[in-house]
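The values are calculated or read from the model by the stated rules, or taken from the named source; none is laboratory data. All values derive from a computational prediction rather than experimental measurement. Cβ sites come from the backbone with ideal geometry, for glycine too, and all protein chains shown count toward neighbours.
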Amino acid sequence: MTTRTRDVLWSDVEGIYDEILHHPFVTGLRDGSLPHPVFRHYIVQDALYLRGYARSLAACAARAPEVDATVMFAEHAAGAVAAERELHAELLGDLGVDPDDLGAPAPATQAYVSYLAATVHAGSYAEAVAAVLPCYWIYAKVGEALLEAGSPDPLYQRWIDLYAGEEFQAVVDAVLDETDRVGATVSDTELARMREHFTTTSRYEWMFWDGAYRQETWPV
Ligand SMILES: Cc1ncc(CO)c(N)n1
Ligand SMILES: Cc1ncsc1CCO
């Protein structure tokens with residue numbers, strides 16, 4: 001019985017995931033104590049993030065050796081833009097933000113999107129898959145964890161329902177299957193690179209929430 005690549009990757013980031021679950025942004029979604037201006041900063045940055053993320057998924061689609069994976073990542077690229085348009089237009093409206101005027105990416109957004117773009121273009125296909133995976137997987141896990149209790153704030157509950165929903169969970173399962181498939185074919189060196197990328201973008205997931213919580217802007 002060989003170890004699945006997903007389990008190797010996850011064992012590296014258990015500590016990071018634990019920090020995410022206990023971050024005041026995430027606990028604030030759960031208990032409703034997160035101030036709306038903080039959530040607004042997050043949703044605006046996430047809209048900018050998803051546009052960049054969609055481009056990285058399209059690069060995964062282009063590089064996939066099997067046509068099924070090309071179709072999958074291309075669908076997800078379109079899905080990320082659709083999610084940004086639907087959910088964000090809705091939430092941004094409720095939060096009083098014009099979706100056509102989001103402003104500039106904050107430091108964490110810029111850093112995360114740039115790292116993804118660099119990795120999906122300069123690394124191997126396996127490295128690209130490892131880099132994009134935390135975005136899917138950590139959100140599915142956080143959504144699932146938050147769904148247990150639910151949020152007293154309907155705005156936050158809508159967010160939880162999106163990521164805890166069966167549709168998103170099925171999307172994530174398909175990418176995890178692809179991760180195991182490609183992971184079974186790589187050398188030790190390439191697996192080590194996959195682990196580095198997976199850990200780095202998992203850290204960016206924490207930093208994205210933390211930057212939003214602090215409503216971080218460029219210091220100079
Ligand atoms: C930062 C970030 N990571 C993951 C997701 C999941 O789509 C998202 N919307 N934003
Ligand atoms: C929103 C989103 N996040 C990762 S993939 C995706 C689109 C799934 O269709």
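At-a-glance table
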{"read-out": "Which numbered condition residue 177 fails, given (1) farther than 16 Å from residue 7 by Cα; (2) at pLDDT 95 or above; (3) surrounded by fewer than 16 Cβ atoms within 10 Å (Cβ to Cβ); (4) of a type outside the set (Gly, Ala, Ser)", "value": "(1)"}
{"read-out": "In the stretch 77-89, residue nearest to ligand 1 (Cβ to nearest atom) [restricted to those that are free of Cβ contacts under 8 Å to residues at least 40 places away in the same chain and out of contact with any Phe, Trp or Tyr (no Cβ under 8 Å at 6 or more places or on another chain)]", "value": "84"}
{"read-out": "Index of the failed condition, residue 146 passing every other in (1) assigned to a helix (DSSP H, G or I); (2) surrounded by fewer than 17 Cβ atoms within 10 Å (Cβ to Cβ); (3) touching a residue at least 24 places away in the same chain (Cβ under 8 Å)", "value": "(2)"}
{"read-out": "Hits in the stretch 32-74 - residues which are free of Cβ contacts under 8 Å to residues at least 40 places away in the same chain and closer than 19 Å to residue 207 by Cβ", "value": "50, 51"}
{"read-out": "Residue in the stretch 90-108 that is in a helix (DSSP H, G or I), over 25 Å from residue 157 (Cα atoms), of a type outside the set (Asp, Glu) and within 16 Å of ligand 2 (Cβ to nearest atom) present", "value": "no"}
{"read-out": "Residue selected from the stretch 125-142 under the condition among the small types (Gly, Ala, Ser) and touching a residue at least 40 places away in the same chain (Cβ under 8 Å), by the criterion surrounded by the fewest Cβ atoms within 10 Å (Cβ to Cβ)", "value": "126"}
{"read-out": "Restricting the stretch 150-174 to residues that are among the small types (Gly, Ala, Ser) and either under 29 Å from residue 123 (Cβ atoms) or crowded, with 19+ Cβ neighbours inside 10 Å (or both), the residue that is modelled with the highest pLDDT", "value": "174"}
{"read-out": "Residue among 199, 119 that is touching a Leu at 6+ places or on another chain (Cβ under 9 Å), within 16 Å of ligand 1 (Cβ to nearest atom) and either modelled with pLDDT of 95 or more or more than 17 Å from residue 61 (Cβ to Cβ) (or both)", "value": "199"}
{"read-out": "Selection count where residues are closer than 18 Å to residue 87 by Cα and within 13 Å of ligand 2 (Cβ to nearest atom), scope the stretch 128-160", "value": "7"}
{"read-out": "Sole residue being aliphatic (A, V, I, L, M) and under 12 Å from the mean Cα position of the chain (by Cα), chosen from 162, 133", "value": "133"}
{"read-out": "Failed item in (1) away from ligand 1 (no atom under 14 Å from the Cβ); (2) among the hydrophobic types (A, V, I, L, M, F, W, C); (3) touching a helix residue (DSSP H, G or I) at 6+ places or on another chain (Cβ under 7 Å); (4) within 24 Å of residue 217 (Cα to Cα), with residue 64 passing the rest", "value": "(4)"}
{"read-out": "Residue count, the stretch 189-207 (criterion: within 16 Å of ligand 2 (Cβ to nearest atom) and either over 17 Å from residue 114 (Cα atoms) or in contact with a Phe, Trp or Tyr (Cβ under 6 Å, 6 or more places away or on another chain) (or both))", "value": "1"}
{"read-out": "Selection count where residues are surrounded by fewer than 19 Cβ atoms within 10 Å (Cβ to Cβ) and among the aliphatic types (A, V, I, L, M), scope the stretch 3-15", "value": "1"}
